[in-house]
Structures are given as C-alpha cells and as structure tokens.
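What follows is a single structure, written as structure tokens, with notes after it.
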Amino acid sequence: MNNTAETAPTNQPHPVGGGNASRGRRTRTTLGWSVGIPVVGTAAGFLTQYPYGLWVGIIVVLVVVAATAIVVGSSWRRAGVATLACATGLALPLFAGPTLYEVWAKKLGTPADAVVLGTGREVNGKGTQLDVCTVIDTSGTRYELGERQNCHGQFKQGQHVIVFKDPLGLLDPWVQETNDRGVGTVSLPISAGLFVVTGASVFYAGKRRRP
C-alpha cells in the first residue's frame, strides 16, 4: 500500500504590500521630479541675475531641460508631455529670474533716494545696444545700472529716483521712479503659470508613465 502523501497545489494569498510599496515609491519619485525640475529652473534663472552667475545659470538650465527630456521622454515614454515640459522649463528661467530679482530687491531691499547722473546706451558682445544709466544715492555711492536693474531709457539726467539695495549686497540695486514695493503685474503671473505647467506636466507624465 502506497503511503506517499499527496502534494496537491494549494492556493496561497499573494502579499499586497509589495504592490503598495511600489506605487508609493513611484508617487514619491513623481512628486520629486515634478517639484524639483521647476524649482531648480527658477533658481537657475535667479542665478543668472548675478554679475558672475550668468553662464553657471545657463548651464544649470540646460542640464535641467536635458534631465526632463531623459526622464519624461525616455524613461517614462511620454514624448509629447516631455516636449511641453522642456519648452515651459526652458522659458521659466527667462521670466522667473528677472521676476525674482525684482521681488527680492523691492520686498527685502533697503530703499534709498538717488539722482540720475546720466543715461546712454552701450553695445554688448553680440552687438546689441542696451540702455544704461548712472545714479548716485544720498550716501554718495555711485551705480552703473542696466536693463536688468530696470533702466530701459525711461529716466532723464537729474531725475530723482529710488534705488532698492540688495540686503546681501551682492546684486546691483533695482531702480525706479517711486518707492512703491509692488511687483510688476505681468511677469509674476507668467512666471507662476510656467512653474505650474512645468510641474503639472511632469507629474502627469509620472503618473501615466508607460512600461
């Protein structure tokens, strides 16, 4: 008589913890990229506003755009969304950099009375003519300012202006006619919109990534 025990297969419940953990990691990764890409792009735009940060900021922007294309377009296989995210990610620093400059100087900077000593135009390395102006504040400090500092040919020699000095003393001051600390109504919403679209595009691609 054969006493060999039968080895019939039994149905064992499959653990679900692994699937939940995988989805959790995917969500965290997606959130990391969707927040990190626009944040780093914005920071790179602000970096370009510094006297010696232009080329470093440009390099950072190009790295961010390349990373977006690789992650969203290649790894997640969402080519269309990657194109949108790269386009908005490239435009974001162009608007966010000057906007942050203005916000930083006008909201946190120290205002000082100044007088325009002279205005003119200079030619950069590309042959483009740019407006410049020379101002002097009540402390006797003289500044050579350009279009980044809001000198666009709107000032006249001898005109009274206000300069907002960088609280850290690293950036040239922002110059304008009054001591109004309000920020331009156009650049801020454009920057915010580009930030949201870039982040939302990356988040969508991460949640809809293809195998």
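The values are calculated or read from the model by the stated rules, or taken from the named source; none is laboratory data. These numbers come from a predicted model, not from an experiment. Positions of Cβ are generated from backbone atoms using ideal geometry, with glycine treated the same way; all protein chains shown enter the neighbour counts. Protein only, heavy atoms only, side chains kept; ligands, DNA and RNA dropped before computing areas. Shrake-Rupley method; radii C 1.70, N 1.55, O 1.52, S 1.80 Å.
Taking the charge dipole of the chain about its Cα centre, with +1 at Lys and Arg Cβ atoms and -1 at Asp and Glu Cβ atoms, the residue from Gly199, Ala112, Gly140 reaching farthest to the positive side is Gly199. Assuming R0 = 22 Å, what is the FRET efficiency of Val186 and Lys107, from their Cβ-Cβ distance, to the nearest 0.05? After rounding to 0.05, the efficiency reads 0.80.
In segment 23-161, carbon and sulfur make up what percent of the accessible area (probe 1.4 Å)?
The computed percentage sits at 63.
If R0 is taken as 30 Å, the Cβ-Cβ distance between Ala67 and Leu170 corresponds to a FRET efficiency of 0.65. Label sites at Arg210 and Thr27, each approximated as a point 7 angstrom past Cα along Cα to Cβ, lie 2.6 nm apart.
Lysine pair count for segment 75-211 with Cα-Cα distance under 30 Å and sequence separation of 8 or more or different chains is 7.
Nothing charged except the Cβ atoms of Lys and Arg (+1) and of Asp and Glu (-1): what's the magnitude of the dipole of the chain about its Cα centre? Round to the nearest 20 debye.
Values: 19 positive and 12 negative charges, 237 e Å.
So the magnitude is around 1140 debye.
Extension gain for the segment Val115 to His160, taken as residue separation times 0.36 nm less the Cα-Cα distance, is 15.7 nm to one decimal. The angle between the Cα long axis of helix 17-47 and the main principal axis of the chain comes to about 10°, on a 0 to 90 degree scale. Hull volume per residue, based on the alpha-carbon atoms of segment 51-207 and their convex hull, is 129 Å³. Label separation (Glu144 vs Ile59): 2.6 nm, computed from points 7 Å beyond Cα along the C-beta direction.
Computed over the chain, the per-residue total of -39500 (n - 2.57) for DSSP H runs of n ≥ 4 gives a 222 nm mean residue ellipticity of -16000 deg cm²/dmol, rounded to 500. Rounded to the nearest 10 degrees, the inclination of helix 79-108 to the longest alpha-carbon principal axis of the chain is 40 degrees. A crude spin-label estimate for the pair Tyr52 and Ser74, with each label 7 Å from Cα along the Cβ direction, gives 3.4 nm. Would you look at the GNM of the chain, springs on alpha carbons closer than 10 Å, and say which of Leu170, Leu90, Leu100 moves the most? Evaluated over the chain, the most mobile residue of the options is Leu170. The alpha carbon centroids of segment 138-166 and segment 59-118 are separated by 25 Å. Can you give the angle from 0 to 90° between the axis of helix 54-68 and the longest principal axis of the chain, with both taken from C-alpha atoms, to the nearest 10? For helix 54-68, the angle is close to 20 degrees.
If you add up the charges near Asp166, with Lys and Arg at +1 and Asp and Glu at -1, over every other residue whose beta carbon is less than 14 angstrom from its beta carbon, what do you get? Walk me through the numbers on the way to the answer.
On the way: positive: Lys106, Lys107, Arg148, Lys165; negative: Glu102, Asp137, Asp172.
With Lys, Arg at +1 and Asp, Glu at -1, the neighbours total +1.
Listed peptides 36-44, 198-206, 124-132, 150-158 appear in the order 198-206, 36-44, 150-158, 124-132 once ranked by packing, highest mean of other Cβ atoms within 10 Å at the front. Ordering Val81, Val123, Tyr101 by Cα displacement along the dipole of the chain toward the positive end leaves Val81 in first place; charges were set at the Cβ atoms of Lys, Arg (+1) and Asp, Glu (-1).
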